[in-house]
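The values are calculated or read from the model by the stated rules, or taken from the named source; none is laboratory data. A quick note: this is a predicted structure, and the numbers were derived from the prediction, not measured. Glycine gets a Cβ as well: all are built from the backbone with ideal geometry, and neighbour counts include every protein chain shown. Accessible surface is based on the protein model in full, side chains and every heavy atom, while ligands, DNA and RNA are left aside. Shrake-Rupley method; radii C 1.70, N 1.55, O 1.52, S 1.80 Å.
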Amino acid sequence: MSTAPPPQFPAGFRWGVSTSAYQIEGAATEDGRGRSVWDTFAHTPGRIADGSTGDVACDHYHRHAEDVALLAGLGVSAYRFSVAWPRVQPDGSGAVNPAGLDFYERLVDDLLARGIDPVATLFHWDLPQRLEDAGGWLARDTAHRFAEYADLVAARLGDRVKLWITLNEPFIHMSLGHGTGKHAPGRTLLFDAFPAAHHQLLGHGLAVAALRARSGSPVAIANNYSPVRVVGDTGADVAAGAAYEALHNRLFTDPLLGRGYPEELGFDQTPVRAGDLDTIAAPLDVLGVNYYNPTGVRAAADDSPLPFELVPLEGYPRTAFDWPVVPDGLRELLGWLHRTYGAALPPVQITESGCAYDDAPDAEGRVPDPHRIAYLDGHLRALRAALDDGVDVRGYFVWSLLDNWEWAEGFTKRFGLVHVDFATQARTPKSSYAWLREVIAASRRGPDR
Ligand code: GBH
């Protein structure tokens, strides 16, 4: 880690942390909440590494006041949470559950009272199970149901949520949820998962219109990106890199920014109807960027069903998830977005950046996490460099506030600035929390040091 003071960011730069509903809330059967695909998936034996579920998770549903106090103590200007669709609309259509909206209203009002901007993600993968039973994101109707749900949430909170994020990482929901089956709903369609991409994007576009009708606040989507590093130097390696680039980084962003789907992927366009691409290209106020690491790609073996092969990048430190730590990848990625989309690229906010380590309390009860401090320090320097390169980045959100339920990995991966003892629900801020608090405070004071 560099010993120089962390870099300065412009006045008004948005500092935040992110979470998602199923990963922290718990209270899975309380106050009228319906079931989601993740309830079903987590309760299916063999799906989750440690056999756990999100039934209780961080019990945030009951401990939200304590968690908002942790946000206030950190000094963030924004908090990105997600709204659980099955809490608000248990069956995904029709009847509203007022207790669900009440919960998010309390949270939002609590944040505002502390001077923290509420940033609400409407879909972080927890589709109501009833909608899944009717075809889920493979069914076009789900896009319309999503817009209806967006309208319901915005009718209650449109005057107070400061930034809307329609979808979180539709690429991951398509690829892991519908392609490989590692995530809920567990479908294994591989490249036939394309309808789940198109219907998510259509739902996004319809939701943008619904949100604009109810709320004056800006609207975004949060995509995950991974800069592609070609491993090897043959023409086939370079072509494989381009194919992976189109799949991971362009499949969602090209149509969002008015270019239609990348043609080289050869997806069957049957689900795409006249007018859909215009709906999807509704202007965005902000592009949310989730960045974790670059991906190594080379040509696939001749008998592979895929047009590329993913290879681990050598020579980098690794997190407890085994993901390589490559801060410069963030600068590389932002440069790629800037060059590729030019004037069509909206202002960016980094809506997730973070790392998992095996953090545990020491004898004094403190939780030292020097690796996370180094990780954040490196990524903030890379972000500063991207700003100096001319990329318009307006904020940085750390994933995550709390150690939480990490999807297929259950409780085995700790991403929090705050340690959670899942047996007692005790929260202990890690050393990275104190470090980030100082970085934020110094950045707010301005360049006076
Ligand atoms: C996000 O997804 C989610 O939005 C969030 O809910 C989740 O908790 C968080 O990140 C942490 O996982 O193949 O080894 O190069 C992250 C999506 C997909 C990013 C897999 C890193 C590849 C690692 N991730 N990816 S590797």
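Those residues that are out of contact with any Ser or Thr (no Cβ under 7 Å at 6 or more places or on another chain) and closer than 25 Å to residue 162 by Cα, I need them from the stretch 1-21; list them, please.
So in the stretch 1-21, the residues out of contact with any Ser or Thr (no Cβ under 7 Å at 6 or more places or on another chain) come out as 1-7, 10-12.
10, 11, 12, listed by residue number.
Surrounded by fewer than 23 Cβ atoms within 10 Å (Cβ to Cβ), of a type outside the set (Phe, Trp, Tyr) and farther than 22 Å from residue 288 by Cβ: is that true of residue 159 in this structure? Step through it out loud before you land on a result.
Values: surrounded by fewer than 23 Cβ atoms within 10 Å (Cβ to Cβ): yes; of a type outside the set (Phe, Trp, Tyr): yes; farther than 22 Å from residue 288 by Cβ: no.
Answer is no for this residue.
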Which number in (1) in a loop (DSSP other than H, G, I, E, B); (2) open to solvent by less than 10 Å² (accessible area, probe 1.4 Å) marks the one condition that residue 23 misses?
-> (1)
All positions within the stretch 26-54 that are away from the ligand (no atom under 15 Å from the Cβ), assigned to a loop (DSSP other than H, G, I, E, B) and either buried (at least 17 other Cβ atoms within 10 Å of the Cβ) or within 21 Å of the chain's Cα centre (by Cα) (or both) | 26, 27, 28, 33, 34, 35, 47, 53
Residue 398 fails exactly one of the following numbered conditions: (1) within 30 Å of residue 285 (Cα to Cα); (2) within 15 Å of the ligand (Cβ to nearest atom); (3) surrounded by fewer than 19 Cβ atoms within 10 Å (Cβ to Cβ). What is the number of that condition?
-> (3)
Collect the residues in the stretch 420-449 that are open to solvent by 10 Å² or more (accessible area, probe 1.4 Å), within 30 Å of residue 51 (Cα to Cα) and away from the ligand (no atom under 16 Å from the Cβ), keeping them in residue-number order.
-> 421, 423, 424, 425, 426, 427, 428, 429, 431, 433
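Would you confirm, using the coordinates I've provided, whether residue 360 is farther than 30 Å from residue 245 by Cβ and touching a residue at least 12 places away in the same chain (Cβ under 8 Å)? Write out each step before concluding.
Numbers: farther than 30 Å from residue 245 by Cβ: yes; touching a residue at least 12 places away in the same chain (Cβ under 8 Å): yes.
Yes; evaluated as a whole, the condition is true for this residue.
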Inter-residue pairs, beta-carbon under 6 Å, first over 17 Å from residue 246 (Cα atoms) and in the stretch 306-322, second surrounded by fewer than 16 Cβ atoms within 10 Å (Cβ to Cβ), 6+ apart = 320/358
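Is it the case, given these coordinates, that residue 252 is within 16 Å of the ligand (Cβ to nearest atom) and among the aromatic types (Phe, Trp, Tyr)?
Values: within 16 Å of the ligand (Cβ to nearest atom): yes; among the aromatic types (Phe, Trp, Tyr): yes.
The answer is yes for residue 252.
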Residue 81 vs. criteria hydrophobic (A, V, I, L, M, F, W, C), open to solvent by less than 10 Å² (accessible area, probe 1.4 Å) and within 23 Å of the chain's Cα centre (by Cα) = yes
All positions within the stretch 347-374 that are within 16 Å of the ligand (Cβ to nearest atom), outside any strand (DSSP E or B) and under 18 Å from the mean Cα position of the chain (by Cα) = 353, 354, 355, 356
Any residue at all in the stretch 219-242 that is open to solvent by 30 Å² or more (accessible area, probe 1.4 Å), under 29 Å from residue 162 (Cβ atoms) and not acidic (Asp, Glu)?
-> no
Could you count how many residues in the stretch 213-242 are within 16 Å of the ligand (Cβ to nearest atom) and either over 27 Å from residue 304 (Cα atoms) or part of a helix (DSSP H, G or I) (or both)?
-> 6
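Do the conditions hold for residue 245, that is, is it out of contact with any helix residue (DSSP H, G or I) (no Cβ under 6 Å at 6 or more places or on another chain), open to solvent by 20 Å² or more (accessible area, probe 1.4 Å) and within 16 Å of the ligand (Cβ to nearest atom)? Let's see the steps before the verdict.
On the way: out of contact with any helix residue (DSSP H, G or I) (no Cβ under 6 Å at 6 or more places or on another chain): yes; open to solvent by 20 Å² or more (accessible area, probe 1.4 Å): yes; within 16 Å of the ligand (Cβ to nearest atom): yes.
For residue 245, the condition - out of contact with any helix residue (DSSP H, G or I) (no Cβ under 6 Å at 6 or more places or on another chain), open to solvent by 20 Å² or more (accessible area, probe 1.4 Å) and within 16 Å of the ligand (Cβ to nearest atom) - is met.
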May I ask you to list pairs of residues, at least six apart or on different chains, whose Cβ atoms are under 8 Å apart, with the first in the stretch 400-412 being closer than 15 Å to residue 320 by Cα and among the aliphatic types (A, V, I, L, M) and the second being more than 11 Å from the ligand (Cβ to nearest atom) and open to solvent by 10 Å² or more (accessible area, probe 1.4 Å)?
-> 408/47; 408/48; 408/49
Cβ pairs under 6 Å, 6+ apart or interchain, first in the stretch 261-281 and of a type in the set (S, T, N, Q), second not in a loop (DSSP other than H, G, I, E, B), ordered by first then second residue, are 279/205
Positions within the stretch 159-212 being of a type in the set (Val, Ile, Thr), within 16 Å of the ligand (Cβ to nearest atom) and touching a residue at least 24 places away in the same chain (Cβ under 8 Å), in sequence order = 165, 166, 172
